[in-house]
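What follows is a single structure, written as C-alpha cells, with notes after it.
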Amino acid sequence: MEKHNIAVTHSFPHDRPLRAGVLLVNLGTPAEPTAPAIRRYLAEFLSDRRVVDLPAWLWRPILYGIILRVRPPKVARAYQSIWTEQGSPLSVFSNGLADRLQARYGEQVKVELAMSYGEPSFEQALASLQESGVDRLLVLPLYPQYSSTTTAAAFDGMARALQTGRWMPQLRFISHYHDDPAFIAALAGRVRNHWDAHGRPDCLIMSFHGIPERYFLDGDPYHCECQKTARLLAEALDLDADEYRVTFQSRFGREPWLQPYTDETLQGLPEQSCRHAQVICPGFAVDCLETLEEIAIENRDVFLEAGGEKFTYIPALNDGEDHAQVLAGLVEAQAADWPEFSADFDPRSVRSAGLARKERARLMGSPQ
C-alpha cells in the first residue's frame, strides 16, 4: 500500500487560505473482489490490536497460517456477489456522502474520506487536507455506536498518520451519535418507506455487528449504545416489545460474542409464528458485505429454509440526502464556533487574511 508523508512541501505558501476540514472515516474495503486483494486487506484489518487483542505469539500463527490461507477465496466469492461497476458498495456510498457534504459547504470547508484499512488511507486524506490549507479538523467516524474495535481504531490510525509530519491541525472528534434525534428520525423514515413498499412485517429485526462478549465485559460501551439506538427506533415506530428483536451478527472465531445471534434468531422465528421478517442494520452507516451479502442473501436463506414466507432487508441510509443532513447536523453542532459554519461567513475574509500573511512573511525575508 502506498504511504503518503504528510510533510507535503518544504516551502510553506503563506498566502494559502486557512479553512476548516471534515474527515469522514469508514472501516475500509478490498480494492477488488479477488483473493489476493482480500488477503492484503484482511492482513491489515486483522492485525490491528483493537480488532483482535490476542497476544501476537498466539494470533499471528493463526492469522498467517490458517485464516489468510483459507478465508480469502470464500470472502472473494461473497464480495463478487455484491460488487458494482463503480466498485465496493461501502466505498461508493462513503464517497457519495463525502461528495454531498462537500457540495453543501463549497470551498469554505474541505471534506475528505479515509479508511481505517485499505485506501484512501489516513496518510492520503491528511495530506490532501494539509494541501488544502486546513488548520482545524473535525473527524467523524461513520460508526453511530462507539466501539473500541471501530471508533477507537479510527482514532489510532489518524494519530499514527499525524506522527509522520510537522503539521498538526486543531482536532475535534465525534465518538458516537447512536442517540442523535436526527439519526433516529432518518432510520425511522427509512423503515416507514420500506413498509409502504413491502408491508409491515410480523417482526422487525434490528441487527448490529457483534463484538466478543469479553470486550463488553471489559468496558466497551458498544452493547449499551446498540440497545439505546434500538429502543429509540422502536419508540419512533410505535413498536410493541413483541414486534421487534435486537440481534448481533458477523461473529468470528470460537469465543462467545454478543447475543442473541442474528442467524439463530431468524432460524427460530417461523416456529414463533413469524412468517414475514424484515431486517434493518442500524449500526451500519452504509451498505457493505455484512448487510448486502450476510443479511440480504445468507440470512434470508436461513429464514426461508426454516419455514419463513417473506423476508426483506431494509437498506442503510447510504448516501441519501437524509443521511447527509444527519451528518451535517453533527458537524455543525460540534464546529458551531468555527467561522466557516457561521451564517455571515465571508470567504473573502479568508483570502484577505492569506494575502496579509504573505506580505508579513515577505517583509521578514520569506521567499514565498
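The values are calculated or read from the model by the stated rules, or taken from the named source; none is laboratory data. These numbers come from a predicted model, not from an experiment. A quick note on method: Cβ atoms are made from the backbone with ideal geometry, for glycine too, and the neighbour counts reach across all protein chains shown. The accessibility values were calculated without ligands, DNA or RNA, using every heavy atom of the protein model including side chains. Shrake-Rupley method; radii C 1.70, N 1.55, O 1.52, S 1.80 Å.
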Practice problem: Could you list all residues from segment 248-258 that are open to solvent by 20 Å² or more (accessible area, probe 1.4 Å) and either modelled with pLDDT under 95 or within 22 Å of the chain's Cα centre (by Cα) (or both)? | Solution: 250, 251, 252, 253, 254, 257
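Within segment 201-216, track down each residue that is surrounded by 16 or more Cβ atoms within 10 Å (Cβ to Cβ) and free of Cβ contacts under 8 Å to residues at least 60 places away in the same chain.
Within segment 201-216, 210, 212, 213, 216 qualify.
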Quiz item: Among the residues of segment 88-100, is there at least one that is touching a Lys or Arg at 6+ places or on another chain (Cβ under 8 Å), among the polar types (S, T, N, Q) and either open to solvent by 10 Å² or more (accessible area, probe 1.4 Å) or more than 15 Å from residue 41 (Cα to Cα) (or both)?
Solution: no
Exercise. Name, by its number, the condition in (1) open to solvent by 40 Å² or more (accessible area, probe 1.4 Å); (2) out of contact with any Gly (no Cβ under 6 Å at 6 or more places or on another chain); (3) closer than 23 Å to residue 336 by Cα that does not hold for residue 110.
Key: (2)
Self-check item: Selection count where residues are within 28 Å of residue 272 (Cβ to Cβ) and assigned to a loop (DSSP other than H, G, I, E, B), scope segment 179-229
Solution: 6
Practice problem: Could you tell me which of the residues 6, 38 is outside any strand (DSSP E or B) and either among the acidic types (Asp, Glu) or modelled with pLDDT of 65 or more (or both)? | Solution: 38
Exercise. Return only the number of the condition from (1) open to solvent by less than 20 Å² (accessible area, probe 1.4 Å); (2) of a type outside the set (Val, Ile, Thr); (3) in a strand (DSSP E or B) that residue 245 does not satisfy.
Key: (1)
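Residue check: is residue 291 at pLDDT 95 or above, closer than 19 Å to residue 191 by Cβ, in contact with a Phe, Trp or Tyr (Cβ under 8 Å, 6 or more places away or on another chain) and not hydrophobic (A, V, I, L, M, F, W, C)? Quick ask: steps written out before the conclusion?
Numbers: at pLDDT 95 or above: yes; closer than 19 Å to residue 191 by Cβ: yes; in contact with a Phe, Trp or Tyr (Cβ under 8 Å, 6 or more places away or on another chain): yes; not hydrophobic (A, V, I, L, M, F, W, C): yes.
Yes: the conditions hold for residue 291.
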Self-check item: Residue, least open to solvent (accessible area, probe 1.4 Å), within segment 34-78, restricted to residues that are touching a residue at least 40 places away in the same chain (Cβ under 8 Å) and more than 21 Å from residue 149 (Cβ to Cβ)
Solution: 76
Practice problem: Please give the number of the condition residue 94 fails out of (1) in contact with a strand residue (DSSP E or B) (Cβ under 6 Å, 6 or more places away or on another chain); (2) farther than 20 Å from residue 153 by Cβ. | Solution: (2)
Quiz item: Name the residues in segment 237-252 that are in contact (Cβ under 8 Å) with a residue 40 or more places away in the chain and farther than 24 Å from residue 310 by Cα, would you?
Solution: 251
Quiz prompt | Odd one out for residue 282 among (1) buried (at least 21 other Cβ atoms within 10 Å of the Cβ); (2) free of Cβ contacts under 8 Å to residues at least 24 places away in the same chain | solution = (2)
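Would you check if there is a residue in segment 150-162 being part of a loop (DSSP other than H, G, I, E, B), more than 12 Å from the chain's Cα centre (by Cα) and among the hydroxyl-bearing types (Ser, Thr, Tyr)? Walk me through how you get there before you give the answer.
In the first step, residues of segment 150-162 are kept if they are part of a loop (DSSP other than H, G, I, E, B); the result is 150.
Pick out the ones that are also more than 12 Å from the chain's Cα centre (by Cα) and you get none.
No: zero hits.
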Quiz item: So how many residues does segment 164-186 have that are open to solvent by 50 Å² or more (accessible area, probe 1.4 Å), closer than 17 Å to residue 24 by Cβ and of a type in the set (D, E, K, R)?
Solution: 1
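Any residue at all in segment 272-279 that's open to solvent by less than 10 Å² (accessible area, probe 1.4 Å), of a type in the set (A, V, I, L, M) and in contact (Cβ under 8 Å) with a residue 40 or more places away in the chain? Steps first, answer last, please.
Taking segment 272-279 as the starting set, the residues that turn out to be open to solvent by less than 10 Å² (accessible area, probe 1.4 Å) are 274, 277-279.
When the remaining residues are screened for being of a type in the set (A, V, I, L, M), the result is 277, 279.
Retained after the next criterion (residues that are in contact (Cβ under 8 Å) with a residue 40 or more places away in the chain): 277, 279.
The answer is yes; a qualifying residue exists.
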Self-check item: Residue list for segment 289-316, filter: open to solvent by less than 10 Å² (accessible area, probe 1.4 Å) and either among the aliphatic types (A, V, I, L, M) or farther than 17 Å from residue 261 by Cβ (or both)
Solution: 295, 314, 316
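Let's see how each residue does on (1) open to solvent by less than 40 Å² (accessible area, probe 1.4 Å); (2) at pLDDT 60 or above; (3) in a helix (DSSP H, G or I); (4) over 20 Å from residue 111 (Cβ atoms):
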| position | (1), (2), (3), (4) |
| --- | --- |
| 328 | yes, yes, yes, no |
| 332 | no, yes, yes, no |
| 340 | yes, yes, yes, no |
| 349 | no, no, yes, yes |
| 352 | no, no, yes, yes |
| 358 | no, no, yes, yes |
| 362 | no, no, yes, yes |
Quiz item: Residues in segment 217-233 that are free of Cβ contacts under 8 Å to residues at least 60 places away in the same chain and surrounded by fewer than 19 Cβ atoms within 10 Å (Cβ to Cβ): how many?
Solution: 7
